[in-house]
Structures are given as C-alpha cells and as structure tokens.
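Working notes for the structure below.
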Amino acid sequence: MTAALDTIARQVRDQATALPDLFGRFDFDRPPERWAAEAEAVSELGGVKGIDRAAYLGDADLVARIREYTMLGDRTGDAYAALMPKLGFQRSVAMLVEACDKGVEAVEDAPPELVALIREMEAKPDWVDMELVEEGAAYERNATANLAPFLIRGAFIATFLNKYSALPMALTGTLGHATAARRVKETATFFATTALPGALRRFGPGFKAAAMVRLMHSMVRVNVLSRPGMWDADTYGVPIPQLDQMPAGLIPIYFLSQDVLKSGRTSFNRLERGRVELARYRCFLLGLPEDLLADTPQQIVRIWRTRSATLRYEYDDPICGGLLRATMEAELSTDPSPAGRVKRRLERSVSRVFFVKAFLNGDTERADGVGVPVGRRDHLIYGATMLALAGRMTAYRVASRIPVLRHLADRRLVRRINRQLAGYGRAEFRSDAAHYRPATA
C-alpha cells in the first residue's frame with residue numbers, strides 16, 4: 001500500500017472511531033455490493049459506447065483509491081450534524097449561518113465541531129488561484145443566466161438512473177413532487193449563487209451556500225444511519241459518499257475535458273483553466289477530497305470513468321423511476337403570466353431532450369422505459385430553443401471581449417441570475433427526517 005493510499009484508508013476507518021454510533025457497524029475492509037471491480041460486472045460505464053472498461057480497471061492504484069472513497073462520508077460535516085439531537089435542528093442551522101456571516105468567533109458557545117467545519121472550509125488549498133476562480137465565474141455567468149434554467153432538471157435527474165447512487169434521495173422523500181421541485185431549485189440556487197462575483201470568498205454567499213449544502217448531506221447521512229432498518233450498509237456502503245458528489249460538482253468540467261482531448265489538446269487554455277478552478281474550489285468547499293479534484297483533462301476523465309467503471313449498475317423502477325417521474329412532473333415555476341407559461345413548456349421539453357442526449361446516448365427507447373418519453377415536438381422545441389439561446393449567449397460572449405461593453409454585459413447577467421434566484425425562492429438546504437421512508441428494491 002502506497003503512503004497516499006494508506007492515508008486515505010486511515011481517514012475512512014477513522015470514521016468509526018470519531019463517530020462510533022454512526023459508523024461503528026461498518027466493516028470498511030469489506031466492499032459493499034455497489035462496488036463492482038470484477039471484470040464481468042455490469043457497471044455504469046457499461047452503458048457508454050466506445051469505452052474500454054478494462055483500461056480503467058487496470059489502473060490498480062486509482063481503483064484502490066476509488067474503493068476507499070466509496071466508503072468515505074464527510075467526517076467534519078458529519079460530526080457537526082451528529083450534534084442535532086443535542087442542539088436541535090433550528091439551532092444547528094442558525095449557528096452555521098451565523099458562523100458563515102460573521103465568523104465562527106461571533107457564535108456564542110460554538111461547539112468544537114462547528115469550529116472545525118468552518119476552519120476546514122476557510123483553509124484555502126495551495127493550488128487554488130482566486131483570480132482564476134473569479135475569471136471562471138465570470139465566464140460561467142453567461143451559461144448560468146441563459147442556459148442553466150433549461151438544463152438543470154435534466155442534469156439533476158441523471159443521478160437517478162442507478163439505484164446504488166439514487167437511494168438516499170428516495171429515502172428522504174424526494175419521490176413526492178413538492179420535495180423533488182424543492183431539491184431541483186436548491187441545486188439550481190447553489191450553482192447560480194456560486195457563479196456570482198466574489199461568491200466563493202470567505203464571506204460570500206457561495207461560501208455559505210456550500211456550508212449549507214454540506215450540512216444537508218451530513219444530515220441525511222446522520223438521519224439514515226441513526227434509524228434502525230433504514231440503511232443497508234452491506235449493499236450500499238456509506239450514504240452519499242464523497243465519491244457520489246463528484247459527478248454533480250464536476251459534470252461541466254468532465255464534458256469540457258472530453259472536448260479538449262477530442263480536439264487533440266492535452267491541456268486547458270486560460271479561459272478553460274478558470275472554469276476548472278471554479279469547479280474544483282466549489283467542490284473543495286463541499287468537502288470533496290483534493291485527491292479527486294484533478295486539474296488536467298486526462299486525469300479528470302480518468303477519475304470520472306474509473307468511478308463509473310467500479311460502480312455497479314442496476315435500474316430499479318420503484319427507486320429510480322419514481323425519482324425520475326417525480327422530478328420531471330414537478331412544477332419548478334408558478335409564474336402565471338403568459339411568458340411564464342411558455343417558459344415552463346420550453347423548459348420541460350429542453351430538459352427532457354438534454355437528459356436523453358447527454359446521459360442516455362440519445363436512446364429514446366430507453367428514455368420511454370425509464371419514464372422520460374421524448375417526442376418529435378420535444379425535439380423541435382429543443383432545437384428552436386437551443387438556437388435562440390446560442391444566439392443570445394454568443395452576443396454576451398462578443399460583448400465580454402469589448403472593453404466598453406464588458407462590464408455592462410456582466411452587470412446584466414448578474415441581474416438575470418439574481419432574478420432567477422428570487423424566482424427559485426429561499427433555499428432551505430435542509431433534510432427533514434420526519435419525511436424519510438424506507439425504499440425497497
């Protein structure tokens with residue numbers, strides 16, 4: 001075992017020492033059923049055409065690291081969330097909000113676990129370049145303001161295709177339309193907030209949003225592990241392991257890396273580096289291990305595909321189909337105006353077609369089978385909408401290169417994003433254990 005792998009293995013097993021009530025029953029030396037390293041296993045990567053799964057299983061060191069990360073939660077966040085029975089939910093959240101807004105020193109009787117969480121988030125890694133982060137955010141504001149509202153639902157449901165990664169969402173009540181809509185809006189709120197100017201600086205709104213998302217994930221972990229019979233550790237391992245948060249945080253960067261490699265290049269240019277730096281630092285604040293936050297196109301693609309190659313795949317309709325249907329049928333907007341109704345119709349078609357193209361390789365027959373049917377009208381709406389959005393985004397890109405127009409265009413994008421955030425409503429980033437229900441496969 002290499003020194004790096006030995007360090008990761010200790011972090012994983014130390015969870016049982018730090019939080020024995022939650023992790024004491026885990027056998028970290030025994031991989032859960034979701035771990036699929038055998039050559040004949042059906043994995044998530046198996047659904048991707050033209051990729052040799054064996055090439056990724058052959059990287060013994062990376063496979064071993066992924067194996068350990070499969071069982072890693074968020075030790076710091078989980079320790080704070082575990083105080084909820086003592087502190088109460090409202091006080092736990094209020095103390096975290098105050099620590100984000102005013103500094104942990106301002107929180108009266110701040111528990112050591114809260115101090116540790118904030119200090120961990122405050123400690124900038126050596127690799128982060130905040131100037132690049134701001135450049136990446138400035139570039140992302142164009143897509144965030146114009147494109148993201150039409151794609152967020154389709155990207156969100158991509159995580160529901162596999163029961164081994166989707167189960168926590170089913171347990172927390174997301175099979176209901178209202179809860180599904182709230183989760184999509186919270187996801188959209190987080191990514192939109194972190195694209196605002198200065199959002200990821202210490203007292204920026206993105207820093208606080210990351211802390212709230214982190215606490216929400218830890219609350220889910222604590223709640224499902226605290227209730228007898230709620231979680232099957234032998235099958236699913238640790239609930240919401242950091243490894244399963246990587247796709248949500250790095251999906252645009254994975255697609256970017258694939259495009260860079262397809263073009264024959266092996267490195268990012270300055271503009272691309274900014275986008276990568278933004279995504280990596282955002283994931284760092286969410287608690288992802290730095291070892292998973294690669295900075296080259298080759299390594300980003302390799303880590304992503306190795307995770308997929310070792311994650312067992314099974315589509316289970318009560319879990320996966322229930323989540324997909326609830327999310328696709330959820331109302332994300334209540335704007336009663338004619339423009340609001342038109343936008344809702346466009347968004348539904350665009351998100352469906354995007355989901356099928358990006359995550360089902362355009363297989364409309366499979367889309368029908370999982371409960372996301374796409375018809376000819378959806379394709380026509382998708383094509384017309386994407387053409388219009390491409391024109392608008394091109395105009396903003398051109399304006400960003402003209403000194404006289406650059407700041408005016410950026411201010412307009414910021415206003416659009418703030419209007420979106422107002423439309424999403426106040427994101428609570430909470431998980432109510434009273435609504436948890438066991439999900440049977």
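The values are calculated or read from the model by the stated rules, or taken from the named source; none is laboratory data. All values derive from a computational prediction rather than experimental measurement. As a convention, Cβ positions derive from the backbone with ideal geometry for all residues, glycine included, and neighbour counts pool all protein chains shown. Keep in mind that these areas ignore ligands, DNA and RNA; they rest on the heavy atoms of the full protein, side chains included. Shrake-Rupley method; radii C 1.70, N 1.55, O 1.52, S 1.80 Å.
Using only the C-alpha atoms, the convex hull of the stretch 94-251 corresponds to 140 Å³ per residue.
Let me make sure I get this right: for the stretch 1-158, a, b and c are the square roots of the gyration tensor eigenvalues over alpha carbons, sorted descending. Under 1.5 in a/c it's rounded, otherwise prolate if a/b > b/c, else oblate. Which is it? In terms of gyration-tensor shape, oblate. Shape call for the stretch 253-312 from the C-alpha gyration tensor, a ≥ b ≥ c root eigenvalues: rounded (a/c under 1.5), prolate (a/b greater than b/c) or oblate? Oblate, because a/c is 1.5 or more while a/b does not exceed b/c. Across 364, 70, 327, mean-square fluctuation computed from a Gaussian network of the chain (C-alpha pairs under 10 Å connected) peaks at 364. Applying a length cut-off of 18 Å (Cα extent along the axis) and a mean Kyte-Doolittle floor of 0.0 to the DSSP H helices of the chain leaves 89-102, 205-226, 242-262, 376-400. Over the chain, what percent of the accessible surface lies on carbon and sulfur atoms, probe 1.4 Å? The C+S portion of the solvent-accessible surface of the chain is 55 percent. Averaging 1/r across all pairs of distinct Cα atoms in the stretch 175-220 and inverting the result yields a Kirkwood radius of 11.2 Å.
Mind jotting down the distance between the C-alpha centroids of the stretch 396-410 and the stretch 73-104, whole Å? Computed from Cα coordinates, the inter-centre distance equals 41 Å. Remark: relative contact order (the stretch 73-179) = 16 percent; criterion is Cα-Cα distance under 8 angstrom and separation of 6 or more residues.
Computed over every Cα-Cα pair of the stretch 266-370 and binned at 5 Å starting from 0, the pair-distance distribution P(r) comes out as 2, 9, 12, 14, 14, 16, 17, 10, 4, 1 percent.
Packing, taken as the mean count of other beta carbons within 10 Å per residue, orders the peptides 242-255, 271-284 from highest to lowest as 271-284, 242-255.
A quarter of the convex hull surface defined by the alpha-carbon atoms of the stretch 315-409 gives 8.2 nm² as the mean projection. For the stretch 87-164, the alpha carbon convex hull comes to 198 Å³ per residue, rounded to a whole number. Residues whose amide H lies under 5 Å from that of residue 43, counting only those 5 or more places away or on a different chain, are 313; hydrogens are built 1.01 Å from N in the peptide plane. Between 147, 167, 288, the GNM of the chain built on Cα springs shorter than 10 angstrom shows 147 fluctuating the most. Rolling a 1.4 Å probe over the protein heavy atoms gives the chain an accessible area of 44 Å² per residue.
Percent of Cα-Cα pairs more than 27 Å apart in the chain, please.
On the way: 51991 of 97020 pairs.
Cα-Cα pairs of the chain separated by over 27 Å account for 54 percent.
Dividing the alpha-carbon Rg of the stretch 1-90 by 2.2 N^0.38 Å yields what? That works out to 1.37 for the stretch 1-90. GNM on the chain, alpha-carbon springs under 10 angstrom: the most fluctuating residue among 357, 163, 185 is 357. A convex hull fitted to the Cα coordinates of the stretch 178-277 yields 146 cubic angstrom per residue.
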